[in-house]
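Step one of this worksheet: look at the structure below.
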Amino acid sequence: MTQIVRKVSDLRALVAPWQRAGQIVGLVPTMGALHAGHLSLVRAAQADCTRVIVTIFVNPKQFNTASDLAKYPRTEAADLALLRQAGVDAVFSPPPEEVYPAGFATTVSVAGVAGPLEGSSRPGHFEGVATVVAKLFGMSRADRAYFGQKDWQQLQVVRRMVADLNLPIAVVGCETLREADGLAMSSRNTRLSPRARAIAPALYAAMTRAVGDLRAGDPAAMQRCYDAVLAAGFDSIDYIDLRDGDTLQPLSAPNSSARLLAAAWLDGVRLIDNIPV
Ligand code: AMP
């Protein structure tokens, strides 16, 4: 049976006997509005762990505008139905004041890997992510945590934080799930108009072509990618960049861990994607 938990004390009470019994506890942090990408993380966790906890928390600290936070889709009833069907052991879905009670004063700030790309496009975003993820790790005392490669930079920020703070948890990165037309699954896709939804796969298509061009050493690869995304109907591009996948530092030519990362605006929705080069 799936337990729905809203208080940290109840989560602790649930997890304590599992840990005393030596069970492996897996954690899947989400912001809800669940789709098949989230469920693939749940399945990865279930394959490795005795118990799986999914968290649903739209973390106000990681949104850099109030309107983006207000517009974020919230579908808790449907999410709980999906998670019951998936057979997760617990869903932790706390109200904001349970996570950030009066007097809360700590921020986790990761330098280096959190600086560029999402870090500079969305000031404060990764402080919000690192702070809430550190708290979810502490609240759940999970053994393993599952994150999507869809949010590649976030995954690297979490890995850096876990290493730097000696947090006793294993971080697992899972492949990006895509729609049949290549669009990376995202809770934000539900906000696209039918016209924009038809344009959206052009980002992945242009990135895929750019990977081939970069591998071939074509100097026009990046410019062609930019042009194709805008020509398809995207409104603007925050970045499309070739980076080292571990450090997120810029690369002028692919290396063995190179990644192409992109963020672009379509119809008032900010879409992100990344692929290996
Ligand atoms: P979110 O609810 O957007 O914060 O995402 C929760 C987790 O699901 C994060 O670790 C994401 O990287 C992961 N995720 C989101 N979309 C996908 C996807 N299309 N494929 C795999 N994982 C995903």
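Here is how the numbers come out for the structure above:
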quantity	calculated
Filter pass, residue 147 being buried (at least 20 other Cβ atoms within 10 Å of the Cβ), more than 10 Å from the ligand (Cβ to nearest atom) and under 17 Å from residue 45 (Cβ atoms)	no
Residues of the range 152-198 that turn out to be touching a strand residue (DSSP E or B) at 6+ places or on another chain (Cβ under 8 Å), more than 16 Å from residue 129 (Cβ to Cβ) and more than 12 Å from the ligand (Cβ to nearest atom), as a count	4
Filtered residue count, the range 187-208, keeping only those that are assigned to a loop (DSSP other than H, G, I, E, B) and either assigned by TED's automatic domain parsing to the domain that holds residue 149 or hydrophobic (A, V, I, L, M, F, W, C) (or both)	2
Test set (1) farther than 27 Å from residue 273 by Cβ; (2) within 14 Å of the ligand (Cβ to nearest atom); (3) in a helix (DSSP H, G or I) - residue 128 fails condition number	(1)
Sole residue being open to solvent by less than 20 Å² (accessible area, probe 1.4 Å), of a type in the set (Ser, Thr, Tyr), touching a His at 6+ places or on another chain (Cβ under 7 Å) and under 21 Å from residue 135 (Cα atoms), chosen from 55, 30	30
Exclusive hit being in contact with a helix residue (DSSP H, G or I) (Cβ under 8 Å, 6 or more places away or on another chain) and either closer than 28 Å to residue 72 by Cα or not in a loop (DSSP other than H, G, I, E, B) (or both), set 172, 211	172
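Residues checked against (1) over 27 Å from residue 160 (Cβ atoms); (2) surrounded by fewer than 21 Cβ atoms within 10 Å (Cβ to Cβ):
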{"site": "47", "(1), (2)": "no, yes"}
{"site": "66", "(1), (2)": "yes, yes"}
{"site": "69", "(1), (2)": "no, yes"}
{"site": "81", "(1), (2)": "yes, yes"}
{"site": "111", "(1), (2)": "no, yes"}
{"site": "118", "(1), (2)": "no, no"}
{"site": "128", "(1), (2)": "no, yes"}
{"site": "134", "(1), (2)": "no, yes"}
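The values are calculated or read from the model by the stated rules, or taken from the named source; none is laboratory data. Computed from a predicted structure; not experimentally measured. When we count neighbours, we look across all protein chains shown, and the Cβ atoms used for this are built from the backbone with ideal geometry, even at glycine. Just so you know, the surface numbers come from the protein's heavy atoms only, side chains and all, with ligands and any DNA or RNA stripped out. Shrake-Rupley method; radii C 1.70, N 1.55, O 1.52, S 1.80 Å.
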